[in-house]
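Let me begin by presenting the structure, written as structure tokens, before commenting on it.
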Amino acid sequence: MRIATEAIFTDMKDRIQVLASGLKTVQERLASQRKINRPSDDPVGAVGALGYRTLLNRLEQYGRNLNTAQTWMQTSETALSNTVDVVTRARELTVQMANGGQNAQTRASTAVEVGHLLDEAIALANAQVSGRHVFGGYRTEAAPFVKVNNGTIDTARYDGDGNDFQVAIGQNETLTAGRNGQTVFMAAGLFDTLGTLKRALENNDLAGIQQSLTGLEQAFDYLNNQTADIGARANRLEMRQGILDSLTVDFTEQLSRVEDADVAELSIELNQVQLAYQAVLLSTARIGDLSLTNYL
């Protein structure tokens, strides 16, 4: 009889421990609203959840890169648009000064304005985003364009590098956020053209003034093409952003299915475990009260 009673109590104690552990687990899941709070809860599910979180973190980084690229492109587009305005003003002045009826004094005064236009074009080419120069290639810290005199005319020197500024937007996939200044400005010949125009105006050189008009028209077309290039890259950026948003929603839903708990289902399970736990405690208490006199 003593052995049987000990066995009963041992079994009751084991059942109480199992139910108490189950009750704790259900309460923890309800509090966190997650099925997996530690790898031991579901080793396979935990590995899957880790994989989804890694993918989501990667997508988040790509999203930040796209935001950087978007800001870079907007700044580049604004700078180019304003530079085109500079060219437009220079063309207007050149057409006026190419008129044979203009005198040397008027052209000399116009040369001063053209000098200011050159300064403005250089300033625009040194456009920045949060202290980083968008047309410097990978050399974003220092201003890529410096005003110089080459011994003949005022112009600008490019101190950046020949790399386009790129950002990662996917696995082994990059997007050109900004073209380097050599490609965008130096190839346009704008600085040399403005410097040549300024010297021709100062020298009252009608032929030189007329020749500068051709350079300005070429710079105008070239810079507009560069602006169009930004638009094409911006379209790609928008498409990529849509893909990232879609993937983020998809992976978030898959992660939720792996680790998020069904609160309603857990509430029912909690009630069932609590009832079982209370029943075992009550049964154990009653067995502990039994003695020989209960059977007399």
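As a proxy for reagent exposure, Y138, Y62 were ordered by neighbouring Cβ count within 10 angstrom, fewest first; the result is Y138, Y62.
The order of the peptides 82-90, 189-197 by mean Cβ neighbours within 10 Å, most packed first, is 189-197, 82-90.
Placing a pseudo-label 7 Å from each Cα along the Cα-to-Cβ vector at S256 and N150 gives an inter-label distance of 6.2 nm. Sequentially through region 50-62, phi angles give Karplus couplings (6.51, -1.76, 1.60; θ = phi - 60°) of 4, x, 5, 5, 4, 5, 5, 5, 5, 5, 4, 5, 4 Hz, Gly and Pro residues having no value and appearing as x. Cα centroids of region 97-128 and region 196-210: 11 Å apart. The phi torsions of region 152-157, fed into the Karplus equation with coefficients 6.51, -1.76 and 1.60 and a -60° offset, translate into couplings of 10, 9, 7, 7, 10, 10 Hz, rounded to whole numbers, with Gly and Pro shown as x.
Using Cβ counts within 10 Å as a stand-in for footprinting exposure, how do L56, L244 rank, fewest first? Could you put the intermediate results ahead of the total?
Values: L56 16, L244 19.
The most exposed by this proxy come first: L56, L244.
Taking amide H atoms as placed 1.01 Å from N in the peptide plane, the amide H of G160 has no partner under 5 Å among residues 5 or more positions away or on other chains. Amide H to amide H, with H built 1.01 Å from N, D205 comes under 5 Å of no residue 5 or more places away or on another chain.
Stretched out fully, how many nm does the piece from S246 to D119 gain, at 0.36 nm a residue minus the Cα gap?
Extending this stretch completely gives an extra 41.2 nm.
Gain on full extension, evaluated as 0.36 nm per residue between E173 and T214 minus their Cα-Cα distance, stands at 10.8 nm.
Taking the Cβ-Cβ separation of A104 and N82 as r and a Förster radius of 35 Å, what is the calculated FRET efficiency to the nearest 0.05? Can you show the working numbers first?
On the way: r = 31 Å, r/R0 = 0.88.
So the FRET efficiency works out to roughly 0.70.
Spin-label model, D221/T71: points 7 Å from Cα along the beta carbon direction are separated by 3.7 nm.
Bear in mind these aren't lab numbers, they're just calculated from the coordinates by the rules spelled out. In this text, all values refer to a predicted model and were calculated from it rather than measured experimentally. Using ideal geometry, Cβ is built from the backbone for each residue, glycine included, and neighbour counts are taken over all protein chains shown.
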